[in-house]
Amino acid sequence: MSASDKLKQQAAQAAIKYVEKGTIVGVGTGSTVNFFIDELAKMKDDIEGAVSSSEASSERLKQHGIEVFELNNAPEVPVYIDGADEIDEHGQMIKGGGAALTREKIVAAVAKKFVCIADETKLVGRLGQFPLPVEVIPMARSYVARQIVKLGGDPVWRQGVTTDNGNWILDVHNLDILNAVELEEQLNNVVGVVTNGLFAARSADVALLATADGVKELK
Ligand code: 5RP
């Protein structure tokens, strides 16, 4: 296993203590979350099941014999575990590198607690080095791109990628993110935007960041 994968696995293992027995666990998407799913499988008989933020995670959960519930049938999700592309010290994040941002944001909204798992390279002083993913309705792609240029960003269409919701992704480069909550709202107000990858209004409650010296916990 690579050094980077070992760190992802350590963060994933550290998240297990946040899983409440007998409940439905919110599960995100990505390579770090894949390690978490593998850990969760070891205690699958202690949980009711999971709700998932992507078809890929649902598939992996099912392969491990973990029941995947429809979110509409899961009124309470005590904890949601997910990765991030960037996270700052306030728990605000950029997500969506794996194109699952919309379902991730929905499950995060339902969950009581958001636990972010990542290796320490994801911790940044200011969000925005990672291009910000924006999920758009396909027919609105060019319109949304023009509006994003007016907001100071350089959108690039992630060609060949269709989200689990049948939509497309624009990756926005060179944004100067001074106020992430404000920008999140501005982008969501553009007609044709389904959602954007800023998780600022609903940030992480806990971040488990794996370092060579162990897992650091930010609250
Ligand atoms: C997927 C996401 C992921 O959480 C994010 O891309 C981090 O992934 P990884 O754990 O593979 O670095 O937002 O849409």
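Values in this text are rule-based calculations from the coordinates and carry no lab data. As the structure is a prediction and not an experimental result, all values here were calculated from the model. Please note: Cβ atoms are built from the backbone with ideal geometry, for glycine as well, and neighbour counts cover all protein chains shown.
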With +1 on the Cβ of every Lys and Arg and -1 on the Cβ of every Asp and Glu, the dipole magnitude of the stretch 164-212 about its Cα centre, in debye rounded to the nearest 20, is 80
Listed residues N167, N179, N72; largest mean-square fluctuation, Gaussian network over the chain with Cα springs below 10 Å, found at N72
Summing +1 per Lys or Arg and -1 per Asp or Glu among the other residues with Cβ less than 13 Å from V19's Cβ gives +1
Trypsin sites (Lys or Arg not before Pro) in the stretch 110-141 lying in a DSSP loop, each with at most 15 other Cβ atoms within 10 Å of its Cβ, come to R126
For the stretch 120-219, the dipole about the Cα centre with charges only on Cβ (Lys and Arg +1, Asp and Glu -1), to the nearest 20 debye, works out at 220
Rounded to two decimals, the Debye log10 I(q)/I(0) of the chain (Cα scatterers, no solvent) at q = 0.09 Å⁻¹ is -0.34
Ratio for the stretch 87-203, C-alpha Rg to 2.2 N^0.38 Å, reads 0.99
Inter-part gap, Cα centre of the stretch 142-219 to Cα centre of the stretch 42-112, in whole angstrom, is 18
Per the charge dipole of the chain (beta-carbon charges, Lys/Arg positive, Asp/Glu negative, Cα centre), the residue among N189, P78, H64 reaching farthest to the positive end is N189
Quick calc: nm separation of the 7 Å Cα→Cβ label points for E185 and S4 -> 3.6
Rounded to one decimal in nm, the spacing of the 7 Å Cα→Cβ label points at E70 and K17 is 3.7
Residue-ordered couplings for the stretch 129-146, obtained by feeding phi - 60° into the Karplus form 6.51 cos²θ - 1.76 cosθ + 1.60 and rounding to whole Hz (Gly and Pro as x), are 5, 6, x, 7, x, 10, 8, 10, 5, x, 5, 9, 3, 5, 4, 4, 4, 5
Along the stretch 87-100, Karplus-curve 3J(HN,Hα) (6.51, -1.76, 1.60; θ = phi - 60°) to the nearest Hz, with x for Gly and Pro, reads 9, 9, 5, 8, x, 6, 9, 10, 9, x, x, x, 6, 9
Among K62/K216; K150/K216; K8/K219; K62/K122, the pairs whose Cα-Cα distance exceeds 27 Å are K62/K216; K150/K216; K62/K122
Taking every other residue with Cβ under 13 Å from the Cβ of A3 and scoring Lys and Arg +1, Asp and Glu -1, one gets -1
For the stretch 101-154, Rg(Cα) over 2.2 N^0.38 Å is 1.47
Relative contact order as a percentage, the chain, C-alpha pairs under 8 Å and 6+ apart, gives 22
